[in-house]
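K.L.:
Pasting a structure below so you can have a look.
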Amino acid sequence: MSQGERPAKQSRSKLTRDKLVAALEHLLRQRSFEDISIADLAAEAGLSVGTVYRRFENRDALIPVIFELYAARVTQFAASPSGKLALEPEDGLRTALRQMVSQGWKFLTAEAHLVRAAHLYARLRPDLVGDEWEAFLEMAVASSLALIEHFGDEVSISDRREAAEIVTYLLNTSLIERALYPQDGPAFALTMSDEVFTAAMADAIYGYLTAPPVQAPA
């Protein structure tokens with residue numbers, strides 16, 4: 001239960017919460033969280049404003065719910081066939097990276113309404129998020145590290161943990177920038193298709209992982 005949320009002691013109260021959570025997600029598909037009022041939420045859920053306040057102390061109490069939804073979607077995606085690499089024995093690191101970036105892109109675009117809000121409020125209200133955001137980033141680093149270790153013979157970087165952190169950073173910044181803010185900032189200059197973009201990002205990461213190490217000057 002999130003800060004500012006009142007406990008659901010009865011099944012009816014839980015049903016009310018479920019309605020409010022579903023209504024919140026539906027509204028997030030239409031507008032940003034800062035443009036959603038308690039009255040909007042009540043109307044979408046078919047409940048009174050007073051009922052909303054009996055479950056959530058204020059609008060900020062809904063921010064952890066956004067992360068709850070986001071966490072559930074990440075977990076579902078990771079456990080689904082869409083979240084797993086389908087590699088053949090002859091496939092190498094480059095093919096695996098292209099699959100991974102493509103899958104990440106599909107998740108981002110499908111869940112952009114949740115990712116956008118989570119991405120923003122992890123920075124604006126870290127006090128309401130707790131350690132969950134850090135846990136998801138660590139999970140992403142672990143996933144990148146597992147891929148690097150699997151194709152270790154192709155990777156030239158000796159510090160595999162450092163390489164995994166860089167890969168995670170590149171994926172998060174580049175994909176999120178284009179998926180969430182396509183009309184703002186550097187992403188606006190990109191005119192290529194999604195398929196070309198994701199392949200290019202995968203190839204850029206492949207180049208980083210496989211480039212010969214730079215020799216220090218004698």
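The values are calculated or read from the model by the stated rules, or taken from the named source; none is laboratory data. Keep in mind that this is a model prediction, so the values were computed, not measured. A quick note on method: Cβ atoms are made from the backbone with ideal geometry, for glycine too, and the neighbour counts reach across all protein chains shown. Each accessible area value is taken on the protein alone, full model and side chains, heavy atoms only, with ligands, DNA and RNA left out. Shrake-Rupley method; radii C 1.70, N 1.55, O 1.52, S 1.80 Å.
K.L.:
Among what's in segment 33-63 and is aromatic (F, W, Y) and in a helix (DSSP H, G or I), pick the residue that is most open to solvent (accessible area, probe 1.4 Å). Lay out the reasoning, then the answer.
P.N.:
Of all residues in segment 33-63, those aromatic (F, W, Y) come to 33, 53, 56.
Subset that is in a helix (DSSP H, G or I): 33, 53.
Working: F33: 6, Y53: 100 Å².
Top of the filtered list is Y53.
K.L.:
Kindly provide the set of residues from segment 96-147 that are of a type in the set (G, A, S) and not in a helix (DSSP H, G or I), ordered by number. First the steps, then the outcome.
P.N.:
Restricting attention to segment 96-147, the residues satisfying the condition of being of a type in the set (G, A, S) are 96, 102, 104, 110, 112, 117-118, 122, 130, 135, 140, 142-144, 146.
Answer for segment 96-147, where residues must be of a type in the set (G, A, S) and not in a helix (DSSP H, G or I): just G130.
K.L.:
How many residues does segment 80-107 contain that are at pLDDT 90 or above and of a type in the set (G, A, S)?
P.N.:
5
K.L.:
Return the residue satisfying two criteria in turn: it lies in segment 151-171 and is open to solvent by less than 60 Å² (accessible area, probe 1.4 Å) and either small (G, A, S) or over 19 Å from R94 (Cβ atoms) (or both), and of such residues it is nearest to the chain's Cα centre (by Cα).
P.N.:
The extreme case among them is A164.
K.L.:
Sticking with this one: Mind listing whichever residues of segment 108-131 are hydrophobic (A, V, I, L, M, F, W, C), open to solvent by 30 Å² or more (accessible area, probe 1.4 Å) and within 10 Å of the chain's Cα centre (by Cα)?
P.N.:
First pass over segment 108-131, keeping only residues hydrophobic (A, V, I, L, M, F, W, C): 108, 110, 112, 114-115, 117-118, 120, 122, 124, 128-129.
The next check asks that each one be open to solvent by 30 Å² or more (accessible area, probe 1.4 Å); those that pass are 110, 120, 124.
Hits for segment 108-131: nothing passes.
K.L.:
Only one of these is surrounded by fewer than 16 Cβ atoms within 10 Å (Cβ to Cβ), in contact with a Pro (Cβ under 9 Å, 6 or more places away or on another chain) and either at negative phi or at pLDDT 95 or above (or both): Q10, Q30, Q76, Q3. Name it. Reasoning before the result, please.
P.N.:
On the way: Q10 fails: in contact with a Pro (Cβ under 9 Å, 6 or more places away or on another chain); Q30 fails: in contact with a Pro (Cβ under 9 Å, 6 or more places away or on another chain); Q76 fails: in contact with a Pro (Cβ under 9 Å, 6 or more places away or on another chain).
Matching residue, one of Q10, Q30, Q76, Q3: Q3.
K.L.:
I'm trying to understand the selection: among the residues of segment 107-152, which are among the small types (G, A, S) and over 24 Å from E57 (Cβ atoms)? Talk me through it step by step, then tell me what you get.
P.N.:
Keep residues of segment 107-152 that are among the small types (G, A, S), which gives 110, 112, 117-118, 122, 130, 135, 140, 142-144, 146, 152.
Of everything in segment 107-152, those that are among the small types (G, A, S) and over 24 Å from E57 (Cβ atoms) turn out to be A110, A112, A135, A140, A142, S143, S144, A146, G152.
K.L.:
Regarding L145, is this residue over 14 Å from the mean Cα position of the chain (by Cα) and surrounded by 15 or more Cβ atoms within 10 Å (Cβ to Cβ)?
P.N.:
It is true that L145 is over 14 Å from the mean Cα position of the chain (by Cα) and surrounded by 15 or more Cβ atoms within 10 Å (Cβ to Cβ).
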